[in-house]
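Structure record follows, encoded as structure tokens.
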Amino acid sequence: MKIGVVDGQGGGIGSVIIKRLREEFGEKIEILALGTNSIATAQMMKSRANKGATGENAIVQTAPKVDILIGPIGIVLAQSMMGEVTPAMAQAIASSQGLKFLVPLSQERVEVVGLTSEPLPHLVDKLINRLKEYINHV
């Protein structure tokens, strides 16, 4: 199973996600770190992603080739992350046939109604549990 983790800015959210993926699944999955910038990619690579790529073209080319895409909700919002997510990136991620697991954290003026605000570690725990359910049923 090939999982793309997308993040920008300093790559902190993506790094936490990748660390937990490795703890839970070890080397059973292939993790691709897809950073909107080189700092985000480097941080995610330090968390033991198998491969990393940076920028618009890398994300546009890779998003359709993964089974699952994971990242903060901003990865499907054009111009989010202070403009780092380009319209082409958001479109490639949103239109990918891969299942998307979006963490409801955003600096943008977007609120997903019905969700309660929780700290990142709790959200990542929920993500891992949902991912385990999905993988066990595939």
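The values are calculated or read from the model by the stated rules, or taken from the named source; none is laboratory data. Fair warning: this is a prediction, and the values are worked out from it, not measured in the lab. In this analysis, Cβ positions are derived from the backbone assuming ideal geometry, glycine residues included, and neighbour counts consider all displayed protein chains.
Below are the figures for this structure:
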read-out: Of the criteria (1) modelled with pLDDT of 95 or more; (2) closer than 20 Å to I18 by Cβ; (3) of a type in the set (S, T, N, Q); (4) surrounded by fewer than 18 Cβ atoms within 10 Å (Cβ to Cβ), which one S106 fails; value: (1)
read-out: Per-region count, segment 44-63, residues in contact with a helix residue (DSSP H, G or I) (Cβ under 8 Å, 6 or more places away or on another chain), farther than 26 Å from I135 by Cα and polar (S, T, N, Q); value: 1
read-out: Residues of segment 94-107 satisfying the condition of being within 25 Å of P64 (Cα to Cα) and either assigned to a loop (DSSP other than H, G, I, E, B) or in contact with a strand residue (DSSP E or B) (Cβ under 6 Å, 6 or more places away or on another chain) (or both); value: S96, Q97, G98, L99, K100, F101, V103, P104, L105, S106
read-out: Inter-residue pairs, beta-carbon under 9 Å, first of a type in the set (K, R) and in segment 113-138, second surrounded by 10 or more Cβ atoms within 10 Å (Cβ to Cβ), 6+ apart; value: K126/V103; K126/E118; R130/F101; K132/E24; K132/F25
read-out: Among the residues listed as V112, V66, V138, the single one being touching a helix residue (DSSP H, G or I) at 6+ places or on another chain (Cβ under 8 Å) and β-branched (V, I, T); value: V112
read-out: Cβ pairs under 9 Å, 6+ apart, first in segment 88-99 and within 16 Å of G74 (Cβ to Cβ), second assigned to a loop (DSSP other than H, G, I, E, B) and of a type outside the set (A, V, I, L, M, F, W, C); value: M89/T36; M89/G55; A90/Q79
read-out: Restricting segment 42-79 to residues that are small (G, A, S) and without any contact (Cβ under 8 Å) to a residue 40 or more places away in the chain, the residue that is nearest to E27 (Cα to Cα); value: S47
read-out: Lone unmet requirement of (1) surrounded by 15 or more Cβ atoms within 10 Å (Cβ to Cβ); (2) touching a Gly at 6+ places or on another chain (Cβ under 9 Å) for K65; value: (1)
read-out: Of residues in segment 7-45 being buried (at least 24 other Cβ atoms within 10 Å of the Cβ) and touching a Pro at 6+ places or on another chain (Cβ under 8 Å), the one nearest to Q79 (Cα to Cα); value: D7
read-out: Every residue from segment 82-91 that is of a type in the set (A, V, I, L, M) and either assigned to a loop (DSSP other than H, G, I, E, B) or within 13 Å of the chain's Cα centre (by Cα) (or both); value: V85, M89, A90
read-out: Flag if L69 is at pLDDT 95 or above, in contact with a Pro (Cβ under 8 Å, 6 or more places away or on another chain) and part of a strand (DSSP E or B); value: no
